[in-house]
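The next block holds one structure in the form of structure tokens; read it before the comments.
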Amino acid sequence: MGSSTASEAGPASWCGRTKKRGAAAGSTSAARGLHHLCCRARARADVDVIHRFLIDEVGARIVHPPEDAPHFAPGYYSVLFEDPDGIRVEVNHVGVILINGLTRLAS
């Protein structure tokens, strides 16, 4: 099972099944349980501010610094880091959204 849901301009989620359990799976997308949490930023600059905060104040393990990822969506820009338990946390901004099949600039 794998599913993806998204409203026209709202939240999206993905759920999938795996056969791996617990520590045997490690902290990967194949493990059961939460492994990736994504929060949407209101502006591209917010992603950069959060990245700077993670480095300067938190000392977080950065998986990838802010980068464009148009293969996910037009205008997709994100930073990915791990919390102390190894859960990946992403902060992204999507500069373009689709509404009723039409491309619009995100506000």
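If you filter region 57-75 down to residues that are among the acidic types (Asp, Glu) and under 22 Å from Gly86 (Cβ atoms), you find that the one that is surrounded by the fewest Cβ atoms within 10 Å (Cβ to Cβ) is Glu57. Restricting attention to region 74-107, the residues being assigned to a strand (DSSP E or B) and either farther than 30 Å from Val58 by Cβ or at pLDDT 70 or above (or both) number 21.
The values are calculated or read from the model by the stated rules, or taken from the named source; none is laboratory data. Because the structure is a prediction, the values reported are computed rather than measured. A quick note on method: Cβ atoms are made from the backbone with ideal geometry, for glycine too, and the neighbour counts reach across all protein chains shown.
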